[in-house]
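Worksheet for the structure shown next.
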Amino acid sequence: MALLFADFHEAQRVGSGHLLASCLIPVETFPDSRRLRSFAQLSNYSTVSADVRYHLFQSPESSYRPPKNEANAWIDIFVALWTTVKELYAIEDSLHQAGWSRVFDAYKELTNLLIRGYSNGFQAWTVPCLYTTGKYLRAFAIKADVETRSQNEDSFGNGFSDDIMGNFGKNEKLEQAAWVINRMFTTCLSDRSEITQSRKWGIYSTTNLLFKTYFRLNSIGLSKNVLRALQASGDDIPPLKLFPKSHVVTFKYYRGVIAFLEESYTEAEEYLTEAWRLCHRDAQNNRELILSYLIPCHLLTTHTLPTTHLLAPYPRLEALFRPLCSCIKRGDLSGFDAAMSAGEHEFVKRRIYLTLERGRDIALRNLFRLVFLAGGFEEAKDGQAPIRRTRVPVAEFAAAIRLGSKIDGAARVDIDEVECFLANLIYKNLMKGYIARDRGVVVLSKGGAFPGTGV
């Protein structure tokens, strides 16, 4: 207990936002693992406000004397923290009616009081408190929603009520947390103070927390509202490069994923590449998340596949992408379909399934390229260097599809369908040439029939 209030006094003395934020963390931290336990034993519900007031502002150890409104705001915040800690220990001690919903409600009160405190004189250096409390509020919301769903399953069993009530309020607490975090975002964005004393220095930490929460809620569209608000206030916000690198990497990652989901793959590749470049080399999990979207981007924008060296440090990505990439490289259509089916659950979970499915065009391009190479060269004329055969019968491409898809030899491949595949590849600039339907051949370009492949 003494250490908690001592940290508060020291933070106020030196103006350390991160030290002040650590005072609002509702879980035990190293090295003093009994700090919160002693804080919970500080008082009882009837006298906690007076006891907190004494330890914050009236004890001999305290030299911090803020204005009355600000002092009352901090007292209310620490009372809410005390209530939260009591609820946490009630869960730990398996007390009756203890639950994560009660913890969430208590900590939500703390975060609302903290936001309100900026109308009562809290200075800009305290903004790290917004991110810290928002992070734990989100964590408590997730636990509370899991607990609620579990209780609902036990209550309704497997009857008709499951169909009616099963999805009702399934993320109620997280939605409430998102609303509170959005208020934090607005608190930072709307500050009109001089930039050196502005809450805008907390804008990207709260933005990233909002992105994280909206993605968890599968409400990606709300993230675009945040981006529009940032764009509208662009001239008033300090340049992104002046913020901590961790804020920059996270923001660029989510910005890239949002562009990816909008199928703006060139823009997504730009943001994700920058996030990859700035991400710390030891942050393996973060680098893996970036790669899981950057690899499909590269596949569509540059038609390049990840190297073995790139995937080696990431076994999960290796297991997901290596079979797929091998099939694309060989033009193995049936193998590609099998690899997509095998990784379907993970691809859908990461929201990259539909993008990777477009890789089938690259596999088909590589298959048709093999047909082109197998056709050999035309006879050289007048001592000129031989050139590859550029008139390829559509029937040869049909045979390649039959082999690549492992279609039964007795089954017929429709020529119109093959011509449709060819036309699609030509339209996407994966092949250069045209289809001469009257002669049943494809006339390919003599210089770069398959752009980017060397032939």
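The values are calculated or read from the model by the stated rules, or taken from the named source; none is laboratory data. For clarity, every value in this text was computed on a predicted model and none was experimentally measured. Glycine also receives a Cβ, built like all others from the backbone with ideal geometry; neighbour counts cover every protein chain displayed. Side chains included, ligands, DNA and RNA excluded: accessible areas come from the protein's heavy atoms. Shrake-Rupley method; radii C 1.70, N 1.55, O 1.52, S 1.80 Å.
List of remarks:
- Tally of residues being in contact (Cβ under 8 Å) with a residue 60 or more places away in the chain and in a helix (DSSP H, G or I) across segment 104-139: 21
- Test: residue in segment 192-206 that is of a type in the set (K, R), assigned to a loop (DSSP other than H, G, I, E, B) and either surrounded by fewer than 22 Cβ atoms within 10 Å (Cβ to Cβ) or touching a residue at least 60 places away in the same chain (Cβ under 8 Å) (or both): yes
- Flag if I435 is in contact with a helix residue (DSSP H, G or I) (Cβ under 7 Å, 6 or more places away or on another chain), modelled with pLDDT of 85 or more and not in a loop (DSSP other than H, G, I, E, B): yes
- Taken over segment 2-46, the criterion of being among the charged types (D, E, K, R) and open to solvent by less than 20 Å² (accessible area, probe 1.4 Å) is satisfied by R35 alone.
- Members of segment 303-333 that are touching a residue at least 40 places away in the same chain (Cβ under 8 Å) and either open to solvent by 60 Å² or more (accessible area, probe 1.4 Å) or assigned to a helix (DSSP H, G or I) (or both): H303, L333
- Within segment 334-345, residues that are touching a residue at least 24 places away in the same chain (Cβ under 8 Å) have Cβ atoms under 9 Å from residues that are open to solvent by 60 Å² or more (accessible area, probe 1.4 Å) and not in a helix (DSSP H, G or I) in these pairs: S334/K406; S334/I407, counting only partners at least 6 apart in sequence or on another chain.
- Within segment 410-432, the set of residues being closer than 16 Å to G331 by Cβ and outside any loop (DSSP other than H, G, I, E, B) comprises V418, F421, L422, N424, L425.
- Taking the criterion of being assigned to a helix (DSSP H, G or I) and either open to solvent by less than 40 Å² (accessible area, probe 1.4 Å) or not basic (K, R) (or both), the residues of segment 240-254 that qualify are L240, L242, S246, H247, V248, V249, T250, F251, K252, Y253, Y254.
- Inspection of segment 352-362 finds a residue satisfying the criterion of being in a helix (DSSP H, G or I) and within 17 Å of the chain's Cα centre (by Cα).
- Residue check for D32: in a helix (DSSP H, G or I) and either acidic (D, E) or at pLDDT below 85 (or both): no
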